[in-house]
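Visitor: Dropping the structure in here first, questions after.
Any read-out appearing in this document is the output of simple, stated calculations on the displayed coordinates, not a laboratory observation. Note that this is a predicted model, so its numbers are computed, not measured.
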Amino acid sequence: MISKEVVKRAVEMKNPPRIPILYLNKFLERSDILACGYGEAADFPYRGTPKSEWGFEWERLDDTMGQPKFHPLTSWDMLDHYHVPDPHAIGRFDHIPAFIDQNHDKYLMGSIGISGFNFITFLRGFENTMMDLVLEKEKLDKLMDIVFGFEEEMIRSFGKYQLDAISFGDDWGTQRSLMISPDMWRAVFKPRYKQQFDLVHQQGMHVYFHCCGYINDIIPDLIEIGVDILNLNQPDLLGVEDLGERYRGKVCFNCPVDHQTVAIHGNREEIFQYVKKMKDHLSSPEGGFIGYIEEYHSVGMSDENFHSIIDAFETYK
């Protein structure tokens, strides 16, 4: 059975023959899942540089992913003259046919990248965005229309290529709680996500949603509005056993050995025990679990632990 079918069966709870594995940034040839984002406009003069079409410049001071160097909409006065990138610009999807042709046996995702709320903070700044939710809601709504609207056009364009899923990356949790109250999240963001997820499903694709941090309060909401694959990279914050007890069979989990605990500080035996625990609590004979492997030396993962994680997932798949 090819990777594409194994993953689909895991997501749809249709008795996959094994647990599929997503390799994120190394050994991609082993991965059952591959993702590809949309490109910059062909006529963007800074194509391929840290400068973004959206007006910010990406900065990396070390081997971590980095962050925007400045925010182009620090004042709302700038919005009236702000240049919004054309979602239909030539060049955005030129690379997709070759990506599909070269990986036709894999489960393929069109990646929106860092999306939604997180992307809005790139434009306004985090503190400004948090204050806007209370003090400038109408203006923030206009910016949200722009960002979520652009993403919806990306979904429609990806849909023309008959991919298997659309992936979103929007972190909502701190180490202890949501960044905003669950009620505010449900009132402001839940309807917008539902509109996007409905659009994905209408085109026959799954919804893959990445969200870091403690998000227990909104996992039922995410499942309700259509998340098919939920990527949680800190399962210890949420509790592997608790996640399984509450949600096994209701959503397909995609989790690594916790990137803040065992993957960094554990030994080989503890890594194997952790992977087995996830299999026992998050997976079922019907499916519902996808392994996740990311080389993460930038936050302290040793090469030894990285290879132990690979061995553990390959052993228990």
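Visitor: Hey, could you get me the Stokes-Einstein D for region 190-317, Kirkwood radius over alpha-carbon pairs, 10 °C and 1.306 mPa s, rounded to whole µm² s⁻¹? Show your work: numbers first, answer last.
Guide: Details: Rh = 15.2 Å.
Result for D is 105 µm²/s.
Visitor: Using Cα springs under 10 Å in a Gaussian network model of the chain, which residue among A89, A165, A98 shows the largest mean-square fluctuation?
Guide: A98
Visitor: Can you give the alpha-carbon Rg of region 22-75 over 2.2 N^0.38 Å, where N counts its residues? Working shown, then result.
Guide: Values: Rg = 14.8 Å, N = 54, 2.2 N^0.38 = 10.0 Å.
Ratio of Rg to 2.2 N^0.38 Å for region 22-75: 1.48.
Visitor: Please compute the Kirkwood hydrodynamic radius of the chain from all pairs of different C-alpha atoms, in Å with one decimal. Please list the in-between numbers first.
Guide: Numbers: mean 1/r = 0.0489 Å⁻¹.
Evaluated over the chain, this radius sits at 20.4 Å.
Visitor: When the chain is modelled as a GNM with alpha-carbon springs shorter than 10 Å, which of L199, L28, L238 fluctuates the most?
Guide: Answer for the Gaussian network model of the chain: L28.
Visitor: Let me ask you something else. Taking θ as phi - 60°, what are the ³J(HN,Hα) couplings along region 30-38 by the Karplus curve (6.51, -1.76, 1.60), each to the nearest whole Hz, with x for Gly and Pro?
Guide: Rounded to whole hertz, the list is 8, 6, 7, 10, 10, 10, 9, x, 7.
Visitor: To the nearest whole percent, what portion of all C-alpha pairs in region 268-317 is separated by more than 15 angstrom? Present the calculation step by step, with values, prior to reporting the outcome.
Guide: On the way: 555 of 1225 pairs.
When all Cα pairs of region 268-317 are counted, 45 percent exceed 15 Å.
Visitor: Follow-up. Are there DSSP H segments in the chain that both extend 24 Å or more along their axis (alpha-carbon positions) and score a mean Kyte-Doolittle hydropathy of at least 1.0? List them, or say none. Walk me through the numbers before you get to the answer.
Guide: Values: long enough: 137-159 (32 Å, -0.25).
Membrane-span-like by this criterion, though nothing is claimed about a membrane: none.
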